[in-house]
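**Q** Can you read through this structure? Questions will come right after.
What follows is calculated from the coordinates using simple rules that are stated; it is not laboratory data. Just so you know, these numbers come straight off a predicted model, no measurement behind them. We place every Cβ from the backbone using ideal geometry, glycine too, and count neighbours over all the protein chains shown.
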Amino acid sequence: MFEKSFITDCEGPLTLNDNAFELCAHFIENGDELFKILSLYDDYLVDIVKKEGYKAGNTLKLILPFFVLENLKNNDLIDFSKNNIYAVPDSKFLLKYLKEAMNTYIVSTSYGQYIEALSNYMEFPFENTFYTDVDVDALYLNEEELSKISEYKNQILDNPKNYELFDEIFFFEIPKMSIYTKIKKINVVGGLGKKLAIDTIIDRDRIDSNNILYIGDSITDVEPLQFARENEGISISFNGNEYPLKVAQIAIVSPSAITTAVIADIYANNDKNKVLDFINKYNSSTDIKELFDEFNINRGIKNKFFEVFDGEDYPIIKEINDDNYNEILKKSVNMRNNIRGEDIGGLG
């Protein structure tokens, strides 16, 4: 057991996937558009309405009736996930290093079927993961309900910004169906759910709340990033959109997870001030290799970093402030879209 814990979101910092979006696109006709519409509605409920009791990432609950409409089963999710894992370059290297340096956890909004497949692929202990637990096999709709869900799907696709209609469908009509009893019990690990996972980790590892590093990239990471920052831990946006960049202290913009490993290595062996000192010198140094030596960066990490990046193209590692926010946001979103694709990169 280590004195510090490294806690990472999955999709973004570790993988290029948005598994739920990809499941919809693969198994549901026009499912990619359906998911994007519901994801924007999800952001609206969290960011604009601030709906009481509603968590960021609840898109994963909203789409479940449409999974049942297509007769999807757990094995469909498992098989698809196993065969469609796209890792951020060097994320496997990162996790291998972390297992010897800090208590390490994946806290993800994704379905458990995907996280288990990812854990096997990354050779990472599944017991050190938090995820949205859904038993698709247990969800059922009768013939009349299936007909209604099919009709709702068409209405949503035909009226992509009619949020009053969506409110009627998801908070009045679907709750009348028997499936809702099971759906409402599902705990989506997003937003507050991720912060609660951090509480569990702190208790499990018996560490101080300031001895955590949290890294994320989307709206579901706002609460855990805020928690880490307010408690003097390390809070990092990795190729994030506007949501994590508004609350994280540090921004990483990089095509490779080896950049994360650099910060993790410094934090594992030092305190937060040492990390901030490195970032300050990183942005003013004329000799990054010499800087890595000064901070005693792990040799394997150092060698991999300079294998990935040449002297003209180092990744962004910066403290976020009012003066550089817009510039970082532009570069971060560009990187996000470039490596994950605009469909996934554009999701909240």
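**Q** Taking R0 as 56 Å, what FRET efficiency do you get between residue 291 and residue 168 from their Cβ-Cβ distance, rounded to the nearest 0.05? Write down the numbers at each step before the final one.
**A** Numbers: r = 57 Å, r/R0 = 1.03.
Result of the calculation: an efficiency of 0.45.
**Q** So what J values fall out for region 222-237 if you push phi through Karplus, 6.51 cos²θ - 1.76 cosθ + 1.60 with θ = phi - 60°, rounded to Hz, Gly and Pro as x?
**A** 4, 5, x, 5, 4, 4, 4, 5, 5, 9, 6, x, 9, 10, 10, 8
**Q** Output ³J(HN,Hα) for region 92-101: one whole-Hz value per residue in order, computed from phi by the Karplus curve 6.51 cos²θ - 1.76 cosθ + 1.60 with θ = phi - 60°, and x for Gly and Pro.
**A** Listing the rounded values in order: 5, 4, 4, 5, 5, 5, 4, 4, 9, 10 Hz.
**Q** Let a ≥ b ≥ c be the square roots of the eigenvalues of the Cα gyration tensor of region 1-67; is it rounded (a/c under 1.5), or, if not, prolate (a/b larger than b/c) or oblate?
**A** Oblate, since a/c reaches 1.5 and b/c is not below a/b.
**Q** How far, in degrees from 0 to 90, does helix 192-205 lean away from the longest principal axis of the Cα atoms of the chain, to the nearest 10?
**A** Compared with the principal axis, the helix lies near 50 degrees.
**Q** Considering the zone a paramagnetic label at residue 204 would reach in this model (a point 7 Å from Cα along the Cα-to-Cβ line), which residues of region 221-254 have amide N under 18 Å from it?
**A** From region 221-254, the list is 224-225, 228.
**Q** In what sequence, highest mean first, do 191-200, 251-260, 59-68 appear when ranked by Cβ atoms within 10 angstrom?
**A** The packing order, highest mean first, is 251-260, 59-68, 191-200.
**Q** Here's something else I'd like to know. Short version: ³J(HN,Hα) in whole Hz for each residue of region 322-335, in order, from phi by Karplus 6.51 cos²θ - 1.76 cosθ + 1.60 (θ = phi - 60°), x for Gly and Pro, what are they?
**A** After applying 6.51 cos²θ - 1.76 cosθ + 1.60, I find 4, 6, 9, 4, 5, 5, 5, 4, 4, 5, 5, 5, 4, 5 Hz.
**Q** Next question. Only Cα pairs within less than 10 Å get springs; with that Gaussian network setup on the chain, which residue of 162, 187, 337 has the largest fluctuation?
**A** 162
**Q** For the chain, what is the charge dipole size about the Cα centre, in debye to the nearest 20, if Lys and Arg each add +1 at the Cβ and Asp and Glu each add -1 at the Cβ?
**A** In debye, rounded to 20, the chain gives about 580.
**Q** Can you tell me the 0 to 90 degree angle between the C-alpha axis of helix 258-269 and the longest principal axis of the chain, rounded to 10?
**A** Once rounded, one gets 60 degrees.
**Q** Separate question: When ranked by the protection proxy of mean other Cβ atoms within 10 Å per residue, highest first, what sequence do the peptides 243-250, 280-287, 294-301 form?
**A** So the peptides 243-250, 280-287, 294-301, ranked by packing, come out 243-250, 294-301, 280-287.
**Q** Round to the nearest 0.05 the FRET efficiency obtained for residue 135 and residue 159 when R0 = 41 Å and r is the Cβ-Cβ distance.
**A** The pair residue 135/residue 159 has a calculated efficiency of 0.85.
**Q** Is the shape of the chain rounded, prolate or oblate, going by the alpha carbon gyration tensor and its root eigenvalues a ≥ b ≥ c, with a/c under 1.5 for rounded and a/b larger than b/c for prolate?
**A** Verdict is prolate for the chain.
**Q** Using 0.36 nm times the number of residues separating residue 2 and residue 147, minus their current alpha carbon distance, what extension gain do you get?
**A** 46.8 nm
**Q** Measure nothing fancy, just the Cα-based angle from helix 272-282's long axis to the longest principal axis of the chain, in degrees from 0 to 90, nearest 10.
**A** 70
**Q** May I ask for the distance between the Cα centers of region 115-146 and region 1-15, given as a whole number of Å?
**A** Between the Cα centre of region 115-146 and that of region 1-15, the gap is 20 Å.
**Q** Could you work out how much longer the chain between residue 29 and residue 324 gets when fully extended? Use 0.36 nm per residue separation minus the Cα distance between them, nm to one decimal. Don't skip to the end; give the middle numbers.
**A** Numbers: separation 295, 0.36 × 295 = 106.20 nm, distance 4.18 nm.
Separation in residues times 0.36 nm, less the Cα-Cα distance, equals 102.0 nm.
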